[in-house]
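Asker: Structure below; questions to follow.
The values are calculated or read from the model by the stated rules, or taken from the named source; none is laboratory data. Treat the numbers as computed from the prediction; the structure is a model and nothing was measured. Methodologically, a virtual Cβ is constructed for each residue, glycine included, from the backbone with ideal geometry; neighbour enumeration extends over all protein chains shown.
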Amino acid sequence: MIIYKIILKTLLFIFLCSHISTLSTTANETIKSKNKYKIVALTSLSADLINSIDSKSLVGIPGSSLLKSNPSFQDIEIISSGRMPPSLEKIISLKPDLVIGANGFHDKPLSKLNKLGFRTLSTKIRNLRDLENLNEEINSFLSKKKIEPLNKKIQHCYPSSKISKAKNVIALVSTKPILSPNSKSWSGNLIQRFGLKNLTSDLESKSEFKGYVNLSQEWLLKAKPNNLIIVRTPGSNISQYESLAIWKKLPAAKKKNIFSFDYYGLINPGSLDSINKACKKLSSI
């Protein structure tokens with residue numbers, strides 16, 4: 001259980017530290033001719049986004065499982081592994097024109113690179129609008145005249161008509177503690193996008209993870225959720241949620257309205273594909 005809690009805290013920290021973009025430039029910034037920019041991405045999402053815009057510009061990526069399983073990234077230099085910080089030596093050797101990292105999580109390496117004269121971009125993705133802005137910003141940096149909008153890349157996140165399901169739902173990220181996203185989180189925003197009434201949306205976050213609230217079993221029972229989203233993280237499974245004393249008393253459990261989601265996509269955006277899959281699943285609730 002201690003190992004599981006450490007993994008959960010690390011996963012949430014990696015994402016929650018991620019994100020509005022802040023671009024730092026140097027006084028000696030040079031103007032590159034088209035198609036000759038080199039970009040290093042410190043997050044799997046920024047790497048995937050760059051790859052969707054101009055794959056030839058991407059020269060460095062993190063050692064994420066999401067990217068390792070994708071043939072598109074096989075020949076690109078890996079600049080970090082697991083929870084270890086990115087290798088500044090590798091990044092410098094690639095001579096990038098831009099390094100993109102997550103606000104909070106990559107502050108130190110981005111600051112060091114900026115002092116060495118490298119242009120950096122610190123991102124914070126809290127909702128789809130932030131992701132749209134990043135898509136536009138990367139296109140602008142690469143001097144792309146024709147911008148493919150984000151809604152073409154993750155189509156399931158842009159329903160053709162306004163959804164108003166009025167179904168109530170609670171998303172559970174963990175059991176010890178019982179964590180659930182409010183409206184200030186990526187997941188909370190995504191859930192709301194599909195017309196679902198997130199019962200923890202307006203609760204104030206007092207946990208160490210911004211955008212997430214601690215729930216008691218008593219509160220959960222009183223809320224009477226008709227639908228439950230449970231999130232799969234490394235080291236967790238549905239049995240941990242079912243072990244809660246009040247589980248069988250919850251309307252969602254009685255009606256078997258339990259929806260299992262991957263960590264990537266709903267909690268941590270991860271990649272365009274994982275976001276699209278999360279949106280598709282949310283639309284089916």
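Asker: Just to check your reading of the model, which residue among LYS153, LYS145, LYS115 is modelled with pLDDT under 95 and either over 30 Å from LYS281 (Cα atoms) or of a type in the set (D, E, K, R) (or both)?
Answerer: LYS145
Asker: Only residues in segment 64-83 that are over 23 Å from TYR263 (Cβ atoms) count as the first member; pair them with residues that are modelled with pLDDT under 95 and in a loop (DSSP other than H, G, I, E, B), Cβ under 7 angstrom, at least 6 apart or cross-chain, and list the lot.
Answerer: Qualifying pairs under 7 Å: none.
Asker: Given the condition at pLDDT below 95, in contact with an Asp or Glu (Cβ under 7 Å, 6 or more places away or on another chain) and either surrounded by 12 or more Cβ atoms within 10 Å (Cβ to Cβ) or within 26 Å of LEU150 (Cβ to Cβ) (or both), answer yes or no: does some residue in segment 37-60 qualify?
Answerer: Yes, that holds for at least one residue.
Asker: Now a separate question. So, LEU203, is that one buried (at least 21 other Cβ atoms within 10 Å of the Cβ) and either outside any loop (DSSP other than H, G, I, E, B) or not β-branched (Val, Ile, Thr) (or both) or not? Steps first, answer last, please.
Answerer: On the way: buried (at least 21 other Cβ atoms within 10 Å of the Cβ): no; either outside any loop (DSSP other than H, G, I, E, B) or not β-branched (Val, Ile, Thr) (or both): yes.
For LEU203, the condition - buried (at least 21 other Cβ atoms within 10 Å of the Cβ) and either outside any loop (DSSP other than H, G, I, E, B) or not β-branched (Val, Ile, Thr) (or both) - is not met.
Asker: Moving on to the next point. Among (1) part of a loop (DSSP other than H, G, I, E, B); (2) of a type in the set (S, T, N, Q); (3) in the same structural domain as PRO251 (by TED's automatic domain parsing), there is one condition SER180 misses while meeting the rest; what is its number?
Answerer: It fails just one condition, (1).
Asker: Looking at (1) part of a helix (DSSP H, G or I); (2) at pLDDT below 95; (3) in the same structural domain as ILE147 (by TED's automatic domain parsing); (4) among the basic types (Lys, Arg), which is the one condition that is false for LYS34?
Answerer: If we test LYS34 against (1) part of a helix (DSSP H, G or I); (2) at pLDDT below 95; (3) in the same structural domain as ILE147 (by TED's automatic domain parsing); (4) among the basic types (Lys, Arg), just (1) comes out false.
Asker: Pick out the one residue from SER201, SER207, SER216 that is within 22 Å of ALA166 (Cα to Cα) and hydroxyl-bearing (Ser, Thr, Tyr).
Answerer: SER201
Asker: Report yes if LYS210 is outside any strand (DSSP E or B), surrounded by fewer than 16 Cβ atoms within 10 Å (Cβ to Cβ) and in contact with a Leu (Cβ under 8 Å, 6 or more places away or on another chain), otherwise no.
Answerer: Taking the combined requirement at face value, the residue satisfies it.
Asker: Another question about this same structure. So which residues in segment 148-157 are in a loop (DSSP other than H, G, I, E, B) and either touching a strand residue (DSSP E or B) at 6+ places or on another chain (Cβ under 6 Å) or loosely packed, with under 14 Cβ neighbours inside 10 Å (or both)?
Answerer: GLU148, PRO149
Asker: How many residues are more than 17 Å from GLU137 (Cβ to Cβ) and touching a Pro at 6+ places or on another chain (Cβ under 7 Å) when one looks only at segment 96-117?
Answerer: The total comes to 1.
Asker: Let me ask something additional. I'd like to know if segment 125-134 contains one or more residues that are acidic (Asp, Glu), part of a helix (DSSP H, G or I), within 22 Å of the chain's Cα centre (by Cα) and under 27 Å from LYS184 (Cα atoms).
Answerer: Step one: list which residues in segment 125-134 are acidic (Asp, Glu), which gives 130, 132.
Going one step further and asking which of them are part of a helix (DSSP H, G or I), we end up with 130, 132.
Subset that is within 22 Å of the chain's Cα centre (by Cα): 130, 132.
Checking the rest, the ones that are also under 27 Å from LYS184 (Cα atoms) come to 130, 132.
Yes, some residue in segment 125-134 is acidic (Asp, Glu), part of a helix (DSSP H, G or I), within 22 Å of the chain's Cα centre (by Cα) and under 27 Å from LYS184 (Cα atoms).
Asker: Please specify each residue of segment 85-117 satisfying the condition of being part of a loop (DSSP other than H, G, I, E, B) and within 18 Å of PRO62 (Cα to Cα).
Answerer: Let us first name the residues in segment 85-117 that are part of a loop (DSSP other than H, G, I, E, B), namely 85-87, 95-97, 103-106, 116-117.
Hits for segment 85-117 are PRO85, PRO86, SER87, LYS95, PRO96, ASP97, ASN103, GLY104, PHE105, HIS106.
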